[in-house]
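Student: Take a look at this one; I'll ask things after.
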Amino acid sequence: MRTLVKYGLLQENNGTAQYTLGLSVLKLGLLAQRNLNLAVLARSIMKELSLKTGETVLLTVVHGTKGMVLERVESEEPIRYSLFQPGAAIPLHAGASSKILMAYLGEEDWERIIAREGLRRYTASTITQVRKLKAHLRDIRKKGYAVSDQEVDRDVRAVAAPILNGAGELVAGLSVAGPAYRINLQKVDRMRSLVVKGAMKISSMMGYNGPKPVRTRR
């Protein structure tokens with residue numbers, strides 16, 4: 001009980017040994033509600049994007065020093081990308097759906113994430129050098145989208161774009177992923193355009209109304 005009180009999950013009622021839920025529970029509830037609302041807003045656009053590309057669509061968010069899959073719309077193809085279920089934790093340094101999140105964090109956050117999580121190698125394509133990763137993340141931020149080619153899972157390619165709120169802050173990432181044999185370079189270009197447009201539509205629903213300096217959420 002003392003531990004729960006320490007972290008604000010419970011609060012004691014005037015020394016009576018009776019407890020009620022603390023402010024931290026309220027904050028967690030508000031966070032969950034915000035993410036739920038985002039998933040509801042995004043789902044129709046995710047379905048449309050999946051139909052247009054024929055691939056699986058993911059909605060991802062930052063969760064501590066990892067990414068998390070918030071929502072997923074699966075491809076209708078018999079062979080599809082189905083690894084990460086909603087709620088799954090994902091590394092932030094590998095894969096388009098994660099790198100788009102890390103790229104839009106502050107560079108001081110990069111240091112914290114790398115120090116805590118390291119740069120684990122998943123495949124031969126995973127970036128594991130700090131300097132190279134930072135340069136790559138800056139390039140993603142400059143272009144406004146991320147592409148990955150078999151960085152977490154062999155034979156999987158993906159494209160992602162950021163979702164921003166009315167203040168220009170990063171809220172989430174929208175990505176399309178599928179088998180590499182089906183996603184050639186020509187399809188990557190088409191997917192990139194569709195993903196960026198889809199992310200912009202969701203951003204508009206979140207209050208974003210056009211290009212402006214992007215500020216990272218602390």
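The values are calculated or read from the model by the stated rules, or taken from the named source; none is laboratory data. Please read all numbers here as calculations on a predicted model, not as lab measurements. Virtual Cβ from ideal backbone geometry, glycine too; neighbours counted across all protein chains shown. Please note that ligands, DNA and RNA were not included when accessible areas were found on the heavy atoms of the full protein model with its side chains. Shrake-Rupley method; radii C 1.70, N 1.55, O 1.52, S 1.80 Å.
Student: For the stretch 170-189, enumerate the residues that are within 17 Å of K201 (Cβ to Cβ) and open to solvent by 10 Å² or more (accessible area, probe 1.4 Å).
Tutor: Across the stretch 170-189, the qualifying residues are L170, V171.
Student: Let me ask you something else. As an exercise: evaluate W110 against (1) in contact (Cβ under 8 Å) with a residue 24 or more places away in the chain; (2) open to solvent by 10 Å² or more (accessible area, probe 1.4 Å) and give the number of the one condition it does not meet.
Tutor: (2)
Student: Further question: Scan (1) open to solvent by 10 Å² or more (accessible area, probe 1.4 Å); (2) in contact (Cβ under 8 Å) with a residue 24 or more places away in the chain for the single condition E55 breaks and write down its number.
Tutor: It is condition (1) that E55 fails.
Student: With at negative phi and within 16 Å of the chain's Cα centre (by Cα) as the only criterion, which of G166, G198 stands out?
Tutor: One residue alone meets the criteria, G198.
Student: Continuing with the same structure: Report yes if some residue within the stretch 122-143 is modelled with pLDDT of 95 or more, open to solvent by less than 30 Å² (accessible area, probe 1.4 Å) and charged (D, E, K, R); otherwise report no.
Tutor: Checking the stretch 122-143: not a single residue is modelled with pLDDT of 95 or more, open to solvent by less than 30 Å² (accessible area, probe 1.4 Å) and charged (D, E, K, R).
Student: Here are the criteria: (1) at pLDDT 95 or above; (2) surrounded by 13 or more Cβ atoms within 10 Å (Cβ to Cβ); (3) among the hydrophobic types (A, V, I, L, M, F, W, C). Tell me which single one A167 does not satisfy.
Tutor: Among (1) at pLDDT 95 or above; (2) surrounded by 13 or more Cβ atoms within 10 Å (Cβ to Cβ); (3) among the hydrophobic types (A, V, I, L, M, F, W, C), A167 violates only (1).
Student: A follow-up question, please. Consider only pairs whose beta carbons are under 7 Å apart and that are at least six residues apart or on different chains; among these, list those whose first residue lies in the stretch 58-76 and is over 19 Å from G198 (Cα atoms) and in contact (Cβ under 8 Å) with a residue 24 or more places away in the chain and whose second residue is of a type in the set (K, R) and surrounded by fewer than 22 Cβ atoms within 10 Å (Cβ to Cβ).
Tutor: Hits for this filter: T65/R112; T65/R116.
Student: Pairs, please: C-beta under 8 Å, at least 6 apart or cross-chain, first residue under 17 Å from I163 (Cα atoms) and in the stretch 138-150, second of a type in the set (F, W, Y)?
Tutor: Qualifying pairs under 8 Å: R141/Y104.
Student: For V152, all conditions in the list (1) in contact with a Phe, Trp or Tyr (Cβ under 8 Å, 6 or more places away or on another chain); (2) modelled with pLDDT of 95 or more hold save one; what is the number of the exception?
Tutor: Status for V152: all satisfied but (2).
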